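Colleague: Supplied in structure tokens, the structure appears directly below.
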Amino acid sequence: MPATAMKIINPRRDERSYVVPDFVGPIISGGGDATYSCGKCRTVLLENVAWERVKDLAIRCGKCGKVNSVPDPNAPPKGKRR
Ligand SMILES: [Zn+2]
């Protein structure tokens, strides 16, 4: 399954706390069938996870430093037109 790009958030405007891994790569792996990658550099941050388990997570990408939040699968990303 292709990775879904995560939504980049601005930690200065978004008050939520986020995970800051000290390595590059998925911080959680297993438990579901959804894979999420950094919205900026496409590094996989969550691999084969269940959306229900990670939906409230925000993660700082270990590679490019952008803070990513898990997108809602019911709200398709903008710019995708049929
Ligand atoms: Zn990144």
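Please treat every number below as a calculation from the coordinates, not as lab data. Every value quoted in this text rests on a predicted model; they were computed, and no experiment measured them. Here the Cβ is made from the backbone with ideal geometry for all residues, glycine too, and neighbour counts use every protein chain on show.
Colleague: Give the peptides 14-23, 63-72 in descending order of average Cβ contacts within 10 Å, highest first.
Modeller: Top of the packing list down: 63-72, 14-23.
Colleague: Whole-Hz Karplus ³J(HN,Hα) for the range 37-42, in order, using 6.51 cos²θ - 1.76 cosθ + 1.60 and θ = phi - 60°, x for Gly and Pro?
Modeller: 10, 4, x, 9, 10, 6
Colleague: Still on this structure, please answer the following. Take Glu15 and Glu52, extend 7 Å from each Cα along the Cα→Cβ direction, and tell me the distance between the two endpoints in nm.
Modeller: Simple spin-label model gives 3.0 nm for this pair.
Colleague: Would you pull out the residues with amide H under 5 Å of Val70's amide H, same chain only if 5 or more places away, H placed 1.01 Å from N?
Modeller: Leu57
Colleague: OK, next. Which cross-chain or sequence-distant (5 or more) residues have an amide H under 5 Å from the amide H of Asn48, H modelled 1.01 Å from N in plane?
Modeller: Amide H neighbours of Asn48, under 5 Å, 5+ apart: Gly30, Ala34, Thr35, Tyr36.
Colleague: Using only DSSP helix segments of four residues or longer, with each worth -39500 (n - 2.57), what per-residue ellipticity at 222 nm results for the chain after dividing by its residue count and rounding to 500?
Modeller: Values: 1 runs with 4 residues, N = 82.
The helix contribution divided over the chain gives -500 deg cm²/dmol.
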